[in-house]
Amino acid sequence: MQQKRICRGIEKIHLGYYPTPLTRLENISRETGINFYIKRDDLCGLVFGGNKVRKLEYLLAHAKAHGFDTILTAGGAQSNHAVLTAACCRKLGLDVLLLLKKRGVTETRGNLLLAQLMNIPVRFIDTDRYADVYAEAETIMEAMRAEGKHPWLIPVGGSIPLGALGYLDAAEEIAAQAEEAGFSIHHIVCCSGSGGTHAGLILGTKKLGARVTGIVVSVEEDFQAEIYNLALETAKLAGIETDLVLDDVVLKAYIGPGYAQPSEEGAAAIRFMAEKEGIFLDPVYTGKTFAGFLDLFSKGYFAPGENVVFVHTGGGPALFAL
């Protein structure tokens with residue numbers, strides 16, 4: 001039986017192995033002249049790890065508490081979120097259906113191989129719009145309800161206030177680890193895809209005085225207000241007061257040729273991390289995020305000697321879907 005616990009009056013269920021390591025990377029620190037730390041959320045214990053597990057601890061606790069027996073979620077063809085959701089559902093004995101956009105690598109590689117190994121049903125939707133995917137999900141859920149099932153849809157990335165609580169927890173975990181190690185955090189650099197990870201981190205680190213920079217990898221338009229509102233809604237759900245302002249949401253775009261399309265800078269950043277530290281990033285999220293960090297560093301964004309935490313949000317299977 002999975003261990004349940006109450007955080008801030010909200011039920012969550014134990015799925016990952018926490019705390020994940022917070023480690024200073026000596027070679028990159030020496031090369032850049034800053035103190036470069038990495039938060040290894042790729043080592044959380046399910047599949048190949050990733051940030052979604054923290055969110056799913058709240059989301060799937062909600063599903064179990066409300067009697068849902070079938071989980072649907074959406075994503076791109078190689079969605080990390082979708083496969084991690086599937087793995088967590090398998091762990092909890094919930095049925096699951098993945099609704100994926102029929103774009104990109106749809107062959108049995110990367111995350112789709114992992115879904116196959118877990119015997120997860122996947123349905124591809126021939127569209128570029130998530131609105132179409134969600135409409136299809138509603139049709140499917142109506143049919144499921146007619147059969148006596150109780151389905152629930154988790155949106156892309158689990159980036160709703162309930163899911164963002166996972167990275168409010170992560171921010172507090174990072175702060176505690178830094179305090180124990182005896183250093184103050186000046187910057188946190190994270191991927192900003194669907195926004196939930198970023199929202200939770202800025203909310204949780206506001207009182208530390210650390211600046212959280214989100215590297216945008218998925219959308220062309222500025223979604224600063226969307227992340228800001230998500231952070232405020234998460235604070236309300238958690239029952240905490242915050243003096244967060246819109247300018248606390250710092251975004252830097254490094255999308256490259258497009259979402260889920262590898263960039264030259266991202267590929268170079270993946271090689272740099274692998275050669276220097278033996279740690280692997282992915283071409284969709286963390287590779288572009290680290291490329292963004294390197295570019296910002298080259299422009300003087302970080303001062304010499306500052307302490308910077310890079311959040312490794314997983315995504316390794318995408319390396320095998322190129």
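Each reported figure results from applying straightforward, stated rules to the coordinates on display, with no laboratory input. Source: prediction; values computed, not measured. Here the Cβ is made from the backbone with ideal geometry for all residues, glycine too, and neighbour counts use every protein chain on show.
Straight-line reach only, C-alpha to C-alpha below 17 angstrom: list the aspartates and glutamates that Lys64 could link to, leaving out same-chain residues fewer than 8 apart. Here the aspartates and glutamates satisfying the reach criterion relative to Lys64 are Glu11, Asp95. Residue-wise HN-Hα couplings along region 52-61, as the Karplus relation 6.51 cos²θ - 1.76 cosθ + 1.60 with θ = phi - 60° gives them from phi, are 5, 5, 4, 5, 5, 4, 7, 5, 7, 4 Hz; Gly and Pro carry x.
Listed by chain and number, the lysines whose alpha-carbon sits under 26 Å from that of Lys102, ignoring those within fewer than 8 places in the same chain, are Lys52, Lys55, Lys288.
Bridging of Lys91 to aspartates and glutamates at a Cα separation below 15 Å is possible for Glu57, Asp69, once same-chain residues fewer than 8 apart are set aside.
For trypsin sites (Lys or Arg not before Pro), the sites in region 216-322 that DSSP calls loop and that have at most 13 other Cβ atoms within 10 Å are Lys299. Fewest neighbouring Cβ atoms within 10 Å first, the residues Asp128, Asp69 line up as Asp128, Asp69.
The residues Thr106, Thr197, when put in order of fewest to most other Cβ atoms within 10 Å, stand as Thr106, Thr197. Restricting to DSSP loop positions (anything but H, G, I, E, B) with no more than 15 other Cβ atoms inside 10 Å of their own Cβ, which GluC sites (Glu not before Pro) remain in region 134-192? Filter output for region 134-192: Glu147. Taking the Cα atoms of the chain, the ratio Rg/Rh between the radius of gyration and the Kirkwood radius comes to 0.95.
Principal-axis analysis of the Cα atoms of the chain puts helix 196-205 at an angle of about 50° to the longest axis.
Computed over region 52-157, the quotient of the alpha carbon radius of gyration and 2.2 N^0.38 Å is 1.00.
Applying both filters, DSSP loop and at most 16 other Cβ atoms within 10 Å, to the chymotrypsin sites (Phe, Trp or Tyr not before Pro) of region 178-239 gives Phe183.
Rounded to the nearest whole angstrom, the semi-axes of the ellipsoid equivalent to region 123-174, taken from the Cα gyration tensor as √(5λ), stand at 29, 16, 7, largest first.
Rounded to the nearest 10 degrees, the angle from helix 224-238 to the longest Cα principal axis of the chain is 70 degrees. Between region 205-252 and region 140-197, the alpha-carbon centres lie 13 Å apart.
Compactness of region 257-322 is given as radius of gyration and Dmax, 12.0, 37 Å, from Cα positions.
The residues Arg54, Arg8, when put in order of fewest to most other Cβ atoms within 10 Å, stand as Arg8, Arg54. Counting pairs of alpha carbon atoms under 8 Å apart in space and at least six apart in sequence, what relative contact order in percent does the chain give? RCO, the chain: 21 percent.
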